[in-house]
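Peer 1: Dumping the structure here so I can ask a few things about it.
The values are calculated or read from the model by the stated rules, or taken from the named source; none is laboratory data. Values in this document were obtained by computation on a predicted structure and should not be read as measured data. As a convention, Cβ positions derive from the backbone with ideal geometry for all residues, glycine included, and neighbour counts pool all protein chains shown. Heavy atoms of the whole protein, side chains included, go into the accessibility calculation; ligands, DNA and RNA do not. Shrake-Rupley method; radii C 1.70, N 1.55, O 1.52, S 1.80 Å.
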Amino acid sequence: MKNYLKGFVVFLLIQIPLVAQPWVRNDVIFNQSGVPSLMFSHPRFTDLDNDGDFDMVLGNISGKPLYLENIGTPTAPKFIVNNDDIFSLVFEIDAEVGVMADINDDGKLDLITGGFTGVHLYKNAGIPEFPVFAKVEDFFSGIEAGINPVPDLGDVDNDGDLDLVLGFSEDGSVKIFFNGGTKEEAQFHDSQSLLIGDVGLYAYPVFCDMDGDNDLDILVGRDSYGFVYYKNTGTPTQGNWQSDPVPFSGIGYDTYFNSPGVADINGDGKLDLIYGSGSGPLNYFENIGTPQKPTWKRNTTLFGGVIDVNGASNPFFYDYDEDGDYDLFSGSNLGNIKYYENTGNAYSPAWKENSTPFASLKHSIYSAVTLGDVNQDSLPDAIVGDLNGNLYLHLNTGKGFVLQNESFSSISLGGRSVPRLVDMDYDGDLDLVVGNEEGNLFYFENQGSAMSPNWVEIFNYFHAINVSMDCSPTVADFTGDGNMDVLTGNLWHELNFFTRNENNVWIEDTTSFAEIEGDQNVAPALVDLDNDGDLDLVLGCYEGTFSYYENQSVVTGVSEKKMILPQEYTVRNFPNPFNASTTIEFTLPVSTPVRLTIFDISGREIRFWKFLTLQQGIHTITWDGMNQNGEAVSSGVYLYLIQTPSHGKSSTMILLK
């Protein structure tokens, strides 16, 4: 959906001034492509907005599928996450993977999903401009699909209706289910199926005409390396699928759990291969051969530039190369220490991985690292934590890192230690703050000297602070009061921020980071990444990627900050679903004329409002469920659209009576 069709909804009754939070997310800092890097992802392609190019539906294990709109051209694609939640009615548990197909021949693409609960149909009950996908219960009840099946649809017998291929997770089998109904009313049953093959475990099939002979072949990813390709050696009417290892030989052997999407995304008349994997970033291979005989060339531009440690990222920033900007360090799920040199500058970072010099810092899995000159020899040393809860000091000799076996031999924090070096007491040497698996914080004061450290645990320093599981801390004077503050992440997506009062008692601040929601195992770092004098926020996560939130506050005193007005259009309503009334809230980054329109799912206009000018900021309204004539509308799904002369944004809401 293009901008002029995106809707902003809202009936404005009250205009409320807002002191906005200062955080503005900027995904380009760690992902130049703009395409999310998600573990166990499933890219599938279709022209969802009917503009002549391929858009992407990106399934994943972290949540519902994402809609990525192609804002480029048919020959030069550019994918961005579309913020209209077109899958708002889709249940995450149903939809690890989603494919689009017009299963009832009504001219609208429907969503067919596979997930923990089996295979499902979400019928498109919206209009072409505003798709709304509503679940059709028991549509695939004739199939024993098990958990996490992977579907695709295509007409394999040339009879004008859509058939179904399923990959099964339990045994890796691939089956075609022939449509025993019609193109308007599809029917699928176990008795009308054909076993194509068995790829081991977790079969991820897609239909494709890979040899250009006008019948459908099947390409399958799996719980292993590479792909299994079943070539249709029969006819478009009577298929005969046989394994052929040649066309995809050597592809996908550096990743596992490969889930393929096949489409001519560069518009050259040949099918290309895009696949997700267990490690996150999308892989793109262009077909530089012919439509009948593909030859593959890796393209790292379209989905490139993603900083991804493959799992359990936990950022720490340090100017390792002493060039005046911050470099990035992180542990990882496999225990490797990752180093990304900042090849940009102090105002605009860019990243280049150079992890080889830190290979000796690996101990066990789920590592974390912190750096600092602990012995005043002008060389940055490293302390590493790991899954076992141990700490390891590695001194930098200038030629490499040497493990100091005795330094922390008596310390074990139970599990998953995350250390951070910081001069907590401002005495000129480096102390140590550490989080652990149980959600606790520990403080080890350096009671030696800046040249000869001796870390001694200060018990009860954090007054029994516990943030649940997998505490990952960052330490900095965020409030500007001269005392170090602590921001922690945990297993459950939560950020917890603690400051100290004049009595040295730790107080939780629930407002400063309230608007930010992390991912699983969120791991924060506070760092001035744009050199504007305030601390920005970088988050790691279980997926292994990083996200960046720019602090747009302006410091005018020790703790005084300038109010920041909204920088983008947003819209939401709450509660949703609702009974009787709902509050609709939207933000405007500029003062502008606004029109609000509410539609039912057939596209019929229910109510509208026009405003000659609304000021920049947040606006709210309570909609009472009445139409333009003051009559109560019925229960159901409604779409709301707010438009300005240059932008629009839409969403859906559900009225229940």
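Peer 1: Report the local net charge at Val402: Lys and Arg +1, Asp and Glu -1, summed over other residues whose C-beta lies under 13 Å from its C-beta. Show your work: numbers first, answer last.
Peer 2: On the way: positive: Lys399; negative: Asp377, Asp381, Glu406.
Residues close to Val402 contribute a combined charge of -2.
Peer 1: Report, in listed order, any pair from Lys78/Lys231; Lys123/Lys649; Lys123/Lys183 with a Cα-Cα distance greater than 20 Å. Provide the component values of the computation, followed by the final result.
Peer 2: Values: Lys78/Lys231 31 Å; Lys123/Lys649 23 Å; Lys123/Lys183 14 Å.
The pairs that break the limit, which is 20 Å between Cα atoms, are Lys78/Lys231; Lys123/Lys649.
Peer 1: Could you derive backbone 3J(HN,Hα) for the stretch 628-642 from the dihedral phi with the Karplus parameters 6.51, -1.76 and 1.60 (θ = phi - 60°), listing whole Hz in sequence and x where the residue is Gly or Pro?
Peer 2: Using θ = phi - 60°, the values come out as 5, 8, x, 9, 5, 8, 7, 4, x, 8, 10, 10, 10, 10, 10 Hz.
Peer 1: Let me ask something else. In whole Å and largest first, what semi-axes does the C-alpha gyration tensor of the stretch 85-244 yield when each eigenvalue is scaled by 5 and square-rooted? Don't skip to the answer; put the middle values down first.
Peer 2: Numbers: eigenvalues 119, 70, 40 Å².
Largest first, the stretch 85-244 gives 24, 19, 14 Å.
Peer 1: Pull out the extension gain between Thr73 and Ser449, defined as 0.36 nm times the separation in residues minus the alpha carbon to alpha carbon distance; nm, one decimal. Numbers along the way, then the final one.
Peer 2: Details: separation 376, 0.36 × 376 = 135.36 nm, distance 6.15 nm.
Roughly 129.2 nm would be gained on extension.
Peer 1: Report the local net charge at Asp106: Lys and Arg +1, Asp and Glu -1, summed over other residues whose C-beta lies under 13 Å from its C-beta.
Peer 2: Details: positive: Lys108, Lys123, Lys183; negative: Asp102, Asp105, Asp110, Glu184, Glu185.
Once positives and negatives cancel, what remains is -2.
Peer 1: For Ser378, tell me the accessible area in Å² from a 1.4 Å probe, rounded to the nearest 10.
Peer 2: Here the accessible area works out near 90 Å².
Peer 1: Run the accessible area of the chain with a 1.4 Å probe and give the carbon-and-sulfur part as a rounded percent. It would help to have the intermediate numbers written out before the result.
Peer 2: Details: 13690 of 27320 Å².
Summing carbon and sulfur atoms, their accessible area is 50 percent of the total for the chain.
Peer 1: Along the Cα→Cβ direction, 7 angstrom out, place labels at Glu406 and Ser634. What is the inter-label distance in nm?
Peer 2: Simple spin-label model gives 8.3 nm for this pair.
Peer 1: Using +1 at the C-beta of Lys and Arg and -1 at the C-beta of Asp and Glu, which of Leu379, Asn405, Val433 has the Cα lying farthest in the positive direction of the dipole of the stretch 371-442?
Peer 2: Asn405
Peer 1: Using 0.36 nm per residue, how much length does the chain from Asp624 to Val28 gain when fully extended, once their Cα-Cα distance is taken away? Don't jump to the answer; show the numbers that get you there.
Peer 2: Working: separation 596, 0.36 × 596 = 214.56 nm, distance 4.02 nm.
Net length gain for the segment: 210.5 nm.
Peer 1: So if we plug the beta-carbon distance of Asn576 and Glu184 into 1/(1 + (r/R0)^6) with R0 = 25 Å, what FRET efficiency do we get, rounded to 0.05? Walk me through the numbers on the way to the answer.
Peer 2: Numbers: r = 32 Å, r/R0 = 1.29.
Taking R0 as 25 Å, the efficiency between Asn576 and Glu184 is 0.20.
Peer 1: Related question: Please give, to one decimal in nm, the separation of the simple spin-label points placed at Met469 and Thr117, each 7 Å out from Cα toward the Cβ.
Peer 2: 2.4
Peer 1: Right, next: Taking 0.36 nm per intervening residue step and subtracting the Cα-Cα distance, what contour gain separates Asn83 from Gln292 on full extension? Don't skip to the end; give the middle numbers.
Peer 2: Details: separation 209, 0.36 × 209 = 75.24 nm, distance 3.78 nm.
Fully extending the segment from Asn83 to Gln292 adds 71.5 nm.
Peer 1: If you don't mind, another one. Excluding ligands, DNA and RNA, what is the solvent-accessible area per residue of the stretch 419-521 at a probe of 1.4 Å, expressed in Å²? Please report the intermediate quantities before stating the final value.
Peer 2: On the way: 4530 Å² over 103 residues.
Heavy-atom accessible area per residue stands at 44 Å².
Peer 1: Then there is this: Between Asp198 and Arg595, what is the FRET efficiency for a Förster distance of 45 Å, r being their Cβ-Cβ separation, to the nearest 0.05? Present the calculation step by step, with values, prior to reporting the outcome.
Peer 2: Values: r = 56 Å, r/R0 = 1.26.
Between Asp198 and Arg595 the formula returns 0.20.
Peer 1: Something else now. Can you pull the accessible area of Trp351 for me, 1.4 Å probe, Å² to the nearest 10?
Peer 2: 40
Peer 1: How many Å² of accessible area per residue for the stretch 295-379, probe 1.4 Å? Before the final figure, lay out each step's value.
Peer 2: Numbers: 3630 Å² over 85 residues.
It amounts to 43 Å² per residue over the stretch 295-379.
Peer 1: Can you find, among Phe257, Asn396, Asn333, the residue sitting farthest towards the positive end of the charge dipole of the chain, where Lys and Arg contribute +1 and Asp and Glu -1 at Cβ?
Peer 2: Of the options given, the answer is Phe257.
Peer 1: A further question on this structure: Specify which labelled value, from (1) 52; (2) 33; (3) 43, agrees with percent of Cα pairs over 38 Å apart derived from the coordinates of the model shown.
Peer 2: Looking at percent of Cα pairs over 38 Å apart for this model, the match is (3).
Peer 1: Using a simple spin-label model with points 7 Å from Cα along the Cα→Cβ vector, what separation in nm is obtained for Lys657 and Asp213?
Peer 2: Calculated label separation equals 6.0 nm.
Peer 1: Kindly report, to the nearest 10 Å², the accessible surface of Leu487 as traced by a 1.4 Å probe over protein heavy atoms only.
Peer 2: Using a 1.4 Å probe on the heavy atoms, I get roughly 0 Å².
Peer 1: Now for a separate question. Between Asp423 and residues 5 or more places away or on another chain, which pairs have amide H atoms under 5 Å apart, with H built 1.01 Å from N, and which residues are they?
Peer 2: When sequence neighbours closer than 5 places are left aside, the close amide H contacts are Asp431.
Peer 1: Now, a different point. Placing unit charges on C-beta atoms (Lys and Arg positive, Asp and Glu negative, everything else neutral), compute the dipole magnitude of the chain about its Cα centre in debye, rounded to 20.
Peer 2: Numbers: 33 positive and 92 negative charges, 217 e Å.
With Lys and Arg at +1 and Asp and Glu at -1, about 1040 debye.
Peer 1: Read phi for every residue in the stretch 204-220 and hand back ³J(HN,Hα) as whole Hz from Karplus 6.51 cos²θ - 1.76 cosθ + 1.60, θ = phi - 60°, with x for Gly and Pro.
Peer 2: Listing the rounded values in order: 10, x, 9, 6, 6, 9, 7, 10, x, 10, 6, 10, 9, 8, 9, 10, 10 Hz.
Peer 1: Express the C-alpha Rg of the stretch 321-434 as a ratio against the empirical globular expectation 2.2 N^0.38 Å, rounded to two decimals. Can you show the working numbers first?
Peer 2: On the way: Rg = 14.2 Å, N = 114, 2.2 N^0.38 = 13.3 Å.
Rounded to two decimals, the normalised Rg is 1.06.
Peer 1: What number, in percent, do you get for the relative contact order of the chain if the mean sequence gap of Cα pairs under 8 Å and at least 6 apart is divided by its residue count?
Peer 2: On the way: 1896 pairs, mean separation 84.9, N = 657.
In percent, rounded to a whole number, it is 13.
Peer 1: Next up: Computed FRET efficiency, Cβ-Cβ of Asp377 and Tyr426, R0 35 Å: what is it to the nearest 0.05?
Peer 2: Numbers: r = 22 Å, r/R0 = 0.62.
E between Asp377 and Tyr426, to the nearest 0.05, is 0.95.
Peer 1: Residue-wise, which Karplus ³J(HN,Hα) couplings in Hz belong to the stretch 74-82, taking 6.51 cos²θ - 1.76 cosθ + 1.60, θ = phi - 60°, and x for glycine or proline?
Peer 2: x, 9, 9, x, 8, 9, 9, 5, 7
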